[in-house]
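See structure below.
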Amino acid sequence: MKLSIVVFCAILLTAAAVGVRAYRINNLPGDFQPSRQYNSAMMARAMYWLADPSTPDWKQQVARGQMEQVMRSEPPLMEALSAKAYRLLGGERFWVPRSMSALAWLIGGIFLWLVAQRFLTAEASLFSVGFYLLAPFGILLSRNFQADSLVVMGLLASAWATYRYFEAPSAWRLVVGGVVGG
């Protein structure tokens, strides 16, 4: 397959992946594991209120109470990033964490491409990335206010960094592989 056709198909796949993830991105989290998403939303809101010095005392007390009640199953990275984005945007916007999750999933596709092209033909690599980007479960998972997309992106980045190390071992590549894998 010519390079221009591969590039065109990659652009088309990326546009389709962005389009299906952007559809109704501002909806409330009732589509997949709503309790986990609401926990994340409550934690991000509490972080947002606690970081704002103009927040009244009663609201800060409510935020502290929410932080204590929310069940934490992983480090609150997505929640902290969302709270910072809320501050920049001047208020809560539910599309922010969903967009971050979708972006992490799309970046994971880049790492998948980088690994797949070392083992497969251009057509097979394109198919694997297309399947990754457009599989229904992946679409559903990557539109959620959860850290799962970051985990998948990190896993794919780790696979790429590890392969790069074994391709041409060096101390630098070992450190990069360890940091990305960690």
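Observations, loosely collected:
- For S125, the test of being part of a helix (DSSP H, G or I), open to solvent by less than 40 Å² (accessible area, probe 1.4 Å) and either modelled with pLDDT of 90 or more or closer than 17 Å to S149 by Cα (or both) is passed.
- Output for the stretch 142-161, where each listed residue is open to solvent by 20 Å² or more (accessible area, probe 1.4 Å) and either part of a helix (DSSP H, G or I) or of a type in the set (F, W, Y) (or both): D148, L150, V151, V152, M153, G154, L155, L156, S158, A159, W160
- A count restricted to the stretch 52-83 and to residues that are charged (D, E, K, R), under 19 Å from Q146 (Cα atoms) and loosely packed, with under 15 Cβ neighbours inside 10 Å stands at 3.
- Some residue of the stretch 25-47 being over 30 Å from Q69 (Cα atoms), without any contact (Cβ under 8 Å) to a residue 12 or more places away in the chain and outside any helix (DSSP H, G or I): no
- Residue in the stretch 45-67 that is over 15 Å from the mean Cα position of the chain (by Cα) and under 24 Å from F127 (Cα atoms) present: no
- Considering the conditions (1) at pLDDT 90 or above; (2) open to solvent by less than 80 Å² (accessible area, probe 1.4 Å); (3) touching a helix residue (DSSP H, G or I) at 6+ places or on another chain (Cβ under 7 Å), R87 is excluded by exactly one of them, (2).
- Filtering the stretch 1-32 to residues that are open to solvent by 70 Å² or more (accessible area, probe 1.4 Å) and touching a Ser or Thr at 6+ places or on another chain (Cβ under 9 Å) leaves only M1.
The values are calculated or read from the model by the stated rules, or taken from the named source; none is laboratory data. Fair warning: this is a prediction, and the values are worked out from it, not measured in the lab. Cβ sites come from the backbone with ideal geometry, for glycine too, and all protein chains shown count toward neighbours. Quick note on the areas: whole protein, heavy atoms, side chains included, nothing else; ligands and nucleic acids left out. Shrake-Rupley method; radii C 1.70, N 1.55, O 1.52, S 1.80 Å.
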